[in-house]
Structure formats: C-alpha cells, structure tokens
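Asks: Take a look at this one; I'll ask things after.
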Amino acid sequence: MAYSLSGVHLPTVPSICNSSRSSFLASPRTSNLPILLKKNSTWKICAGKSSRDSDSSSITVTASEKVLVPGSKTDGSASSIEEPEVVGEIDHLPMEDDVEVESTEEFFSSEGISVDKNVDNEEETVSVNLVSEVEELEGARAFIGLDAVESGKAFETRKRSIPPPGTGKKIYQIDPYLETHRAHLDYRFAQYKKMREEIDKCEGGLENFSRGYEKLGFSRSTTGITYREWAPGAKSASLIGDFNNWNPNADVMTQNEFGVWEVFLPNNADGSSPIPHGSRVKIHMDTPTGIKDSIPAWIRFSVQAPGEIPYNGIYYDPPEEERYVFQHPQPKRPKSLRIYEAHVGMSSTEPKINTYAEFRDDVLPRIKMLGYNAVQLMAIQEHSYYASFGYHVTNFFAPSSRCGTPDDLKSLIDKAHELGLLVLMDIVHSHASNNVLDGLNMFDGTDGQYFHSGARGYHWMWDSRLFNYGSWEVLRYLLSNARWWLDEYKFDGFRFDGVTSMMYTHHGLQMAFTGNYDEYFGLATDVDAVVYLMLVNDLIHGLFPEAVTIGEDVSGMPTFGIPVQDGGVGFDYRLHMAVADKWIELLKKRDEDWQMGDIVHTLTNRRWSEKCVVYAESHDQALVGDKTIAFWLMDKDMYDFMALDRPSTPLIDRGIALHKMIRLITMGLGGEGYLNFMGNEFGHPEWIDFPRGEQHLPDGRVIPGNNNSYDKCRRRFDLGDAEYLRYHGMQEFDQAMQHLEDRYGFMTSQHQYISRKDEGDRVIVFERGDLVFVFNFHWTSSYSDYRVGCLKPGKYKVVLDSDSKLFGGFNRIDPDADYFSTEGMYDNRPNSFMLYTPCRTAVVYALVD
C-alpha cells in the first residue's frame, strides 16, 4: 500500500501494524549454535530451534577438546547476527537433537571450512578462514563469521549488527549550507526513523525483515515443500507445474488476511521431494484482469526453453553433492577501488553468449593481470530481453540462465575471491520490466501491487514499471533481494542502477542540475525512495561491514555519500557520471579548442568527504548509437592502420596519445575509485549491438534489426593481446596505470594539489600523494627545461610515461633520468624541478626515498 499526502510526493508512515499482532512474516529470530569438539569422544553441533522454523537439526562430530560458540539474536533496537571471537576453553555445553557425522573434517568441509590435523597433539584443529554459512536443515539460515581457531581456544560471539538510527544531525556540521533545507532533511530522517521503528515493532528488526526469501516463494522442510506468494489482488490461486501435469485443481492455495497465498506439498511416499529439482513451476491465478499463469515472484531460477517465448520458473533445489560449496574467503574491502565493469554474456571473443564457467576461466585471470581489484558484473538478475543489457529485470532473485546455473555463478564468484578480486553486482531496484508474462508487472492482475499505479508507475523513456517504495511488501521484497545476493552468492557489494530516477519524481529527465539545493530538497524529491535507499544501506553495511555500495546518481545530491546515522543516504561512493559526459562533449571538438580549466573543474567538481567512482567511459558509451573514446578519436582509421607493420596516420597517433592521457587524468584527478568497461582499456573498436530481429510497431513503423547477429555483441580481447597491433600498447598502458595506483594508492591520498592549468602551454600539473602528474595537451609544442612545482624536496624519477614505446609512444623521455628539486616558491609550491614534456604526453614522477 502507498502512503502519500494528496498532491505532495512525501511519505507518511502510519502505524503499519497494531500492537496486538505482527505482519504475516514477523517473528523474532533467535538461534544459538554451540559447536563442541573433543578428542576421542562424540560431541555435537546443535542448531537451536528457530521461532520461525518448527524443525531444527544438529550435527555430531568427533574432534579435539575445543568449543565454538557462535549464535545469533535479534533485539529491538539494532537487528543483529553474531560473529565469534577467540576466548578461553570451555569443557561442555548442553546438547540436543543429535545427528551423527563421522568426523570434523566431513562436517566442516561440507560447509567450506578446512580442517588441519595436528599430528603432534593427536587432535584436529579447525582452520576457518571465511564467513561460514551454517544452514539449519529445514530452511532458515544464520550467517556467522568465523576467524581462525587457536589451539586450546574457543569462540565467544560478538555482534555484527544493523546500528540503531543516529541523530541525523552531522550533515549540518559537514555542510552548513544544508541548514537552509533543514526542514526537508529533518523530515526525511524522521520518516526513515519511523520506518525503522515500525520494522522493529512488526518484524523484529531489519535483520528479520530482510529474510523474506526464507518464507516467501518455495521453502523446503523434512516433510515437504511450502509455497507462499503475496498476491492480494488475486481471487484464487494454485501452484502448477511439471510435478502435477499443470493441473490448476491439484494444488489449490489458500489466502490469509495479508493477501499471502499458501500451499503445502507433502513429500512423496518414498520420502522424495514432491517437486523434482529442475522442474518447471508457475502460479495459476484468477485475477481482476482474467486468468493468468505467472512465474513466482521469489523464483530462484528461470529459463526459456528452446523455441519458446515465455520463460518458466524452475524449482531449483539440487542434491547436496551437486551444490557448489564456497572454498575461499571474501577479500577485505580495498582502500581504493579499481573496477572492471563486465557483462558475462558478451565476454567471449566468439560471436556467442559466454557462460559463467568460461568467464571464470578466461576473463577473471585477465582482470587480475590487468591490475584491477574488483569486477562489477552486469545483467546478473534474470531479464527476458537480452538486448536490455540486464536493466529490464523480470526475475529479481534468479541469476541469468543464459550463462549457466546458480551454482555456476557461485563458482565464478569463488574463483574471483581466490584471485583477491571483489565481485560487485549491478543491481536494478530503480525499475522493473513491463513484461506481464515473465515479470512482476500486473502480477496479481492489478497495476499497483509492486508499483505505483497509473502514470506515476511508468517510466516513459525506459518503458518500464516504477516501484512504490512506500509499500511495506515492496520494501520487504527489495531489502530481501539485496540481502539474498550477498548471503547466497557472496557478492561483495552493489552498484545501484538508476538511483537518480528513484530519488526524484521527474526521474532526472529533461532536468539540468545546476547545484542549487532547491533542486535536491523539495516536492520533486521522492522521499519514499530516499528512505528505501537509507534502509538498504543500513542493512548492507550493518550485516556485511566489508560490502561496498555505489550509487549511480547524475544529480550530485548532497549527503548521498554520508552515513545514514549522520543524516546521509549512506552510499560508499557516488558514480561520477559527469566526467564521461564531459569527455564526449570535448571529443566532438578539436583538441586545440579544449580548455585546461574546464577539464580540471569537471574532474574535481565533487563534494568534500563524499567519495566518487570516476570513469572516462562505461558501457553506456560503447552501445550502438554512441561511440567509445577510441572510436571518437580514430574512427574508420582503426580498421586499416592498427597493425605495427603498416604506417600509422596522424589520426591514429593523435588518438592513441589522447586515449592514454584521458584515462590517466581521469583516474588521477576524478575520484577515489576508478571504473573501466571491459575492452575499453585497449580501445575496443566499434560498438556493442545485441542480437535483435526486425520490430513491427503498432503504428506501422518498422525498426530494422541485425538478423539476430552476435558479431557486435562480444569483446575482442585477442586484439589487446596481439603484440603486432597497436591495441596492445594501449592495453599495456592501462595495466601500468592500474599497477601504479596499486603501488602508490594515489586515488585515496589526502594530499591533492593542482599547481598549474596553463591555457597557453596547454599543460596541467598536479600532485596526488607523493606523485607529480604532468600533462601536455598541446598538439605540436614540446617544452624543454620546463619547471613544475612540487611539495617535497628530493629526487624524482619517472614511474609512468605515456610516450614509452611499450605503450605505443615515441620514446621521447629518458626513463632512467633523475630529477632533483630546488628550493624556492614556484606555482605556489615550496620546491620545483625541471623536465622535458613532449606534446600530447602524460608523465608521472615519484619522489625517491
């Protein structure tokens, strides 16, 4: 249900539940899980009964005299689960519900935990190096982080919790100008606090509330399968599928007072599952708009059968031996992010849809080699229309079946973690596909179940549906969805798509943001959506402290990157989208007309204390209808003059030089994180064009297709690897740039100073950390004995030179030369040194200790 004031797009939060009852899934979760280990004796791992689960289980092991005591609990003020830490020895604990397992090794290996046998002490030491998932056999899961167990020690639990709301006042200390809009900001924070209070009261806290996937959709128990679906508009419902020959009268569902339909399917007589793993399922409903069969909203896998148009929901519950078990710990969040944006399906060099397994084996090692420390995966959530680039999501809890199974995706993520790479997911909570057959649109026959009804629920430019973030069940669905991908698949965070569209009722369309605070804090702000973003950041950062959240916001909303308890929206980073737009604007001009001050201003125009991920280009610029930077610079010459055994052209020389300079100055000045779309590091030629057929519109117009060709829907990594092509030098430069940042950490250095932006010389000089960056954008003029300022005295050396022959340059700078500083103010710096700066080059100098 929506909560709004007539004519005003601000949420009110009435008491959503009364004191005498909870919402239909509310039930505070408590679970104590003592793990006892003793040499030459039978001990136990006891899964305490959950108030949300009638069945529980424990496991007996044989091991050394050590005790692990993880557990979880929820309190009213801060939703929490428990992490263990090492304390003293414990002899024994009470036990219950024994299920024996032969050894410690057997149990812990099934949970992805290694067991090392200490021969000298004739005991087994449990060596734990990941956040272990302890699964209660009947469904609900508790997550506990296990650190390495020291011999003779045991674990004591410590909270990993969602903090209670703070005061929300620190934003006024950070930015006193926000005082002029204090009424709006205080109202926003009050609505957030009230929603937290309602969730605490009705659901037992955010930690509980975000576990919707444990009860809604399919849940397995020892006695059978329960299927639940929220569809308040439906008149009747039944579960159909291969398991009951699609008979709508076989498994009829009943509805409760909250609009949730439910059916229980008991096990078969032989104890097997009533719904076989891998079989097709749908929900059959009589709705206000007629009879319809829909894929369950919480489905975890869906596929499109060959030759068919609609997708089918798949009951995905593989046997234990077929389930992927994570082997590697999730990496810690790096200080600076270097993100490789990737699309699994189009990551092959061949014209085909690539698989998770092929990406794991072929692309992940490349990303690691290039020096990136995070991979951002696009198009993970299932989407019926491949050419939507994954942004028209139909099944929010299901990974795209085009590339493989859920277990294949888990294997990919685990391999990335083995390589030390974070895996971020491009998550879409800003809108949903308007597909009625496969998605959430008109799910129960009404247009206002998950979305705003009428025009407010439709995005005219994206042709998609817009969520109603003031609805209780929409909040449950989206918060649970975010947690699902972190819990189940071990993603390390998210890049939230389309956040500008969420935060404003005008969706940022036909809106030029000037920085006037009235543009951010007024009646055009969708406070319901902003409150949702605050809640989801609360959830993620509370339960997954190492997780990263990045918001795609073009508006530059103040407080976007400030913690929620301080009054902010809570993102770790804002995607600095204006930079890519500026480069496209400049590339439409001659570089002789570029203004150094304009470039510097765009790169540095970001809010103090709010971190940004910057990029020169992303997938947006690579799509058909647009051009990549390389294509803007070199155009058709790329087809004929990229081989080293053929003469170059002035256009190629100019293009390669500026391509390197643009990327380095973007990384050097633009933010605290950097992003690159796969293939663009070596100037991937042409554009991305997904396979598509001819479209005949209702008005008689015909949109031509490309004969469903995959030729332009792939990445030619072979071009970057070919040492006989000029692409290779561009790839080598990008790799050197990433490794330079890894070594010096300049993106997150507190020291940044721009000492020169000379419009006559076309030179930009700045310091970041102990590095001095010198860019000469002049098209013909090279400068000898050119003096540049620096902060620290000493000897400087070249650590990156875009003109190196290795990078496709002309080797005009001596890589072994020493540059000694002299005292005296120059460009407002206390020291300076002299150098040679060739035209269209970028050189980085480091202070040598």
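The values are calculated or read from the model by the stated rules, or taken from the named source; none is laboratory data. This one's a predicted model, so the numbers in the text were calculated from it and none came from an experiment. Using ideal geometry, Cβ is built from the backbone for each residue, glycine included, and neighbour counts are taken over all protein chains shown. In case anyone asks, the SASA skips ligands and DNA or RNA and just uses the protein heavy atoms, side chains included. Shrake-Rupley method; radii C 1.70, N 1.55, O 1.52, S 1.80 Å.
Asks: Based on alpha-carbon centroids, what's the gap between region 373-394 and region 198-222 in Å, whole number please?
Replies: Distance between centres, Cα-based: 26 Å.
Asks: Roughly how many percent of the accessible protein surface of region 750-848 is carbon and sulfur, given a 1.4 Å probe and a whole-percent answer?
Replies: On the way: 2130 of 4300 Å².
Here carbon and sulfur together make up 50 percent of the probe-accessible area.
Asks: Between beta-carbons, use under 14 Å as the cut-off and find the net charge around SER501, counting Lys and Arg +1, Asp and Glu -1.
Replies: Around SER501, the charge tally is -4.
Asks: May I pose another question? If each of ASP518 and LEU437 carries a label point 7 Å out from its Cα toward its Cβ, how far apart are those two points in nm?
Replies: Rounded to a tenth, the inter-label distance reads 4.9 nm.
Asks: Applying 1/(1 + (r/R0)^6) with R0 = 22 Å to the Cβ-Cβ distance of ALA305 and ASP270, what FRET efficiency is obtained, to the nearest 0.05?
Replies: After rounding to 0.05, the efficiency reads 0.15.
Asks: Once you keep just the Cα pairs under 8 angstrom separated by 6 or more residues, what percentage relative contact order results for region 750-848?
Replies: Here the relative contact order equals 35 percent.
Asks: Hey, what do the phi angles of region 736-749 turn into as Karplus ³J(HN,Hα) couplings, whole Hz, using 6.51/-1.76/1.60 and θ = phi - 60°, x for Gly and Pro?
Replies: 5, 5, 5, 6, 5, 5, 4, 6, 9, x, 5, 5, 10, 5
Asks: Then there is this: So who's got an amide H within less than 5 Å of the one on ARG338, skipping anything under 5 residues away but keeping other chains? H placed 1.01 Å off N, in plane.
Replies: Here ASN373, ALA374, TYR674 satisfy the definition.
Asks: Sort SER401, SER294 by accessible area with a 1.4 Å probe, largest first.
Replies: SER401, SER294
Asks: Something else: With each label point set 7 Å from Cα along the Cα-Cβ vector, what nm distance links ASN247 and ASP849?
Replies: 7.7
Asks: Take the alpha carbon atoms of region 754-849, find their radius of gyration, then divide it by 2.2 N^0.38 Å using N residues; give the quotient.
Replies: My calculation over the Cα atoms of region 754-849 gives 1.00.
Asks: GLN695 to ARG812: FRET efficiency via 1/(1 + (r/R0)^6), r the Cβ-Cβ distance, R0 41 Å, to the nearest 0.05? Could the numbers behind the result be given before it?
Replies: On the way: r = 52 Å, r/R0 = 1.28.
The value I calculate is 0.20.
Asks: So, one more: Label-point separation (nm) for ILE291 and LYS335, each offset 7 Å from Cα along Cα-to-Cβ?
Replies: 6.6
Asks: Could you state the number of Å between the C-alpha centres of region 305-372 and region 593-659?
Replies: 28
Asks: What FRET efficiency do you get for LYS589 and ASP186 if R0 is 56 Å and r is their Cβ-Cβ distance, rounded to the nearest 0.05?
Replies: Approximately 0.80, to the nearest 0.05.
Asks: Separate question: Under a Cβ-Cβ cut-off of 15 Å, what is the net charge of the residues other than GLU617 that fall near it, where Lys and Arg count +1 and Asp and Glu count -1?
Replies: Around GLU617, the surrounding residues sum to -3.
Asks: If you don't mind, another one. Please report the net charge: other residues with Cβ closer than 14 Å to the Cβ of TYR753, K and R +1, D and E -1.
Replies: +2
Asks: Where in region 579-613 does the amide nitrogen come within less than 18 Å of the point 7 Å from the Cα of ASP827, taken along Cα to Cβ?
Replies: 595-604
Asks: Enumerate the amide H contacts of GLY498 below 5 Å, restricted to partners 5 or more residues apart or on another chain; note that Pro and chain-start residues carry no placed amide H.
Replies: The list, which skips near neighbours in sequence, is GLU552.
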